[in-house]
Amino acid sequence: NRLGPELLPEGKLPKPTEFSASSVETWLHQPLHHAVDLRSDRSAFMAGHLKGAIFAPLAGGKLPLSAGSYLTPEHHLLLVVEDESQVEPAVRQLIRIGLARIAGWVLAEKSHGNTTTTPSRTSELGHLLELHPNAAVLDVRGSSEFATSHVDGAKNIAYTRLAARLGELDRSKLQLVHCGSGLRASMAVSFLESQGFDTILVNGDFSAIPHELLAPRS
């Protein structure tokens, strides 16, 4: 962001308010309103999360990478947290990357009444391709990882570049999304789902993909 983050009122860090479970749904229906889910457990996120939520784990430094890749300064954000102690560090990290419109926060356990389930399959890619022969395989690892080895016929777009390259994906096809371990693919799936794509997370290590599905090495 060449213009830098917005100046804070009185130079103070904003203190988002806690949302009640009943107010979340109405708030999310407003334009440019997004939930940002900070939970560290991607399995819990995939099992159920607020509709359109971006998966951006606070742990491991993934929050600025995920939120910074998929959201803009115009978005208004609701933080989904494991506990209140996550709010302040998340606000600091978001403001540093220019995402300052943080409306509030809600405990993940209180948001369960208003969830949408994202399909998460742990079966091997070969089985998924047998079930969905017309599906597209999307590899969201970096280009150097892709060059080393990749699934034959897969498309490579790094998870941090998806927003800029959405037009390259076929919306009519189911997207089977994988990375090296499942974490980057989980963040990518959350974004793609928020944009209306039909996706399945290939949740596991790249090394588990059968060799016969890999492109021949040149």
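The values are calculated or read from the model by the stated rules, or taken from the named source; none is laboratory data. Since we're looking at a predicted model, the values are computed, not measured. A quick note on method: Cβ atoms are made from the backbone with ideal geometry, for glycine too, and the neighbour counts reach across all protein chains shown.
Mind counting the residues in segment 5-33 that are modelled with pLDDT of 90 or more and either basic (Lys, Arg) or outside the structural domain of His75 (by TED's automatic domain parsing) (or both)? Residues meeting the conditions: 1.
Considering only segment 127-142, I want to know if a residue exists there that is among the β-branched types (Val, Ile, Thr) and outside any helix (DSSP H, G or I). Yes: segment 127-142 contains one or more residues that are among the β-branched types (Val, Ile, Thr) and outside any helix (DSSP H, G or I). In segment 144-158, the residue that is surrounded by the fewest Cβ atoms within 10 Å (Cβ to Cβ) out of those that are without any contact (Cβ under 8 Å) to a residue 24 or more places away in the chain and touching a helix residue (DSSP H, G or I) at 6+ places or on another chain (Cβ under 6 Å) is Asn156.
Screening the candidates Arg141, Arg161 for the property of being within 24 Å of Ser194 (Cβ to Cβ), modelled with pLDDT of 95 or more and surrounded by fewer than 17 Cβ atoms within 10 Å (Cβ to Cβ) yields one hit, Arg161. Checked against the criterion of being out of contact with any helix residue (DSSP H, G or I) (no Cβ under 8 Å at 6 or more places or on another chain) and either within 28 Å of Ile157 (Cβ to Cβ) or assigned by TED's automatic domain parsing to the domain that holds Ala158 (or both), segment 45-57 contains one or more residues that satisfy it.
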